[in-house]
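Notes follow once the structure below has been shown.
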Amino acid sequence: MQSSLQIKNLQLYRQGTLLLSLDEHIAGGEILTVMGPSGSGKSSLLNWLTGTLPNGFTATGEVWLNNKNVSHLPTHLRHIGVLYQDALLFSHLSVAGNIAFAMPKSDRKQRSEKIEQALAQVGLAGMGSRHPDNLSGGQQARVALLRTLLSEPKAILLDEPFSKLDTQLRVDTRQLVFEQIRTHKLPAIMVTHDNSDAEAANGKVIHLHL
Ligand code: ADP
Ligand code: MG
């Protein structure tokens, strides 16, 4: 079955005032880019998708994942992965521990083999026992990516995930993230302020307004 993320007839309100309207279909492996000034509702859109809208916001419309309405499911049952601009790793856990934390429960040995393999794929072979604080920013970003991917999400949301990386690292990390999205055929939404991110995503771009 082809995976997909659908936003059906969303009207998102803040304190009763319309913030944005959207109706979008994103196929597996496609990246929808969302741009717009600060305060235009980009993060709120992602919060609505994951079921974490703060008080003060209301919405009508539905989220469908793989042809199933998930609008009324709690966050953890939606299986939507999010990557933020900060890696948000636990400093008291090892790299492998951070990744394992988000993985579906399974045989311990199987899990650590999967983690080891995944680390090697992103140039972090053998670094599972290191602690996040001892990694560079780019390495932390890759660990965060693996943590999200190995949680086996059905869709992935990127909230300015590359904005803290400098140019070359940004290009490399972006390429890795997009490659993984396409390989796993995950529908994705990326919030960004950067035109080169939008171009690299090579998909539809929408602009939100204040
Ligand atoms: P963006 O991510 O595009 O900068 P946000 O979605 O964070 O925009 O914010 C959209 C609007 O909602 C802004 O006017 C912001 O001030 C407001 N807002 C953000 N978070 C909250 C909240 N927890 N409660 C009430 N209003 C909020
Ligand atoms: Mg934001």
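Structure notes:
- Asn9 fulfils the conditions (1) on the phi > 0 side of the Ramachandran plot; (2) away from ligand 1 (no atom under 16 Å from the Cβ); (3) in a loop (DSSP other than H, G, I, E, B) except for a single criterion, (3).
- Residue count, segment 161-191 (criterion: open to solvent by 40 Å² or more (accessible area, probe 1.4 Å) and either farther than 21 Å from Lys105 by Cβ or within 16 Å of ligand 1 (Cβ to nearest atom) (or both)): 13
- Looking only at residues of segment 93-137 that are part of a helix (DSSP H, G or I) and touching a Lys or Arg at 6+ places or on another chain (Cβ under 6 Å), we find that the one that is surrounded by the fewest Cβ atoms within 10 Å (Cβ to Cβ) is Ala100.
- Val171 part of a helix (DSSP H, G or I), assigned by TED's automatic domain parsing to the domain that holds Ala198 and out of contact with any Leu (no Cβ under 8 Å at 6 or more places or on another chain): yes
- With respect to being surrounded by 14 or more Cβ atoms within 10 Å (Cβ to Cβ), within 11 Å of the chain's Cα centre (by Cα) and either touching a residue at least 24 places away in the same chain (Cβ under 8 Å) or not in a loop (DSSP other than H, G, I, E, B) (or both), Leu145 fits the description.
- Residue check for Ser21: within 16 Å of ligand 2 (Cβ to nearest atom), open to solvent by 60 Å² or more (accessible area, probe 1.4 Å) and under 15 Å from Leu208 (Cα atoms): no
- Taken together, Thr52, Thr75 contain a single residue that is more than 16 Å from ligand 2 (Cβ to nearest atom) and more than 23 Å from Ala201 (Cβ to Cβ), which is Thr75.
- Out of Leu146, Leu157, Leu119, sole residue that is touching a helix residue (DSSP H, G or I) at 6+ places or on another chain (Cβ under 8 Å) and within 16 Å of ligand 2 (Cβ to nearest atom): Leu157
- Extreme residue, farthest from His193 (Cα to Cα), among residues of segment 41-73 that are among the hydroxyl-bearing types (Ser, Thr, Tyr), within 15 Å of ligand 1 (Cβ to nearest atom) and open to solvent by 50 Å² or more (accessible area, probe 1.4 Å): Thr58
- One residue alone among Ile31, Ile80, Ile7 is modelled with pLDDT of 95 or more, out of contact with any Pro (no Cβ under 7 Å at 6 or more places or on another chain), more than 13 Å from ligand 2 (Cβ to nearest atom) and within 21 Å of Arg174 (Cβ to Cβ), and that residue is Ile31.
- Leading residue by the ranking (nearest to Pro187 (Cα to Cα)) among those in segment 13-35 that are within 16 Å of ligand 1 (Cβ to nearest atom) and touching a helix residue (DSSP H, G or I) at 6+ places or on another chain (Cβ under 6 Å): Thr33
The values are calculated or read from the model by the stated rules, or taken from the named source; none is laboratory data. Quick caveat: nothing in here was measured; it's all calculated off a predicted structure. Every residue, glycine as well, gets a Cβ built from its backbone with ideal geometry; the counts of neighbours run over all protein chains shown. To get the accessible areas, we keep the full protein, side chains included, count just its heavy atoms, and leave off ligands, DNA and RNA. Shrake-Rupley method; radii C 1.70, N 1.55, O 1.52, S 1.80 Å.
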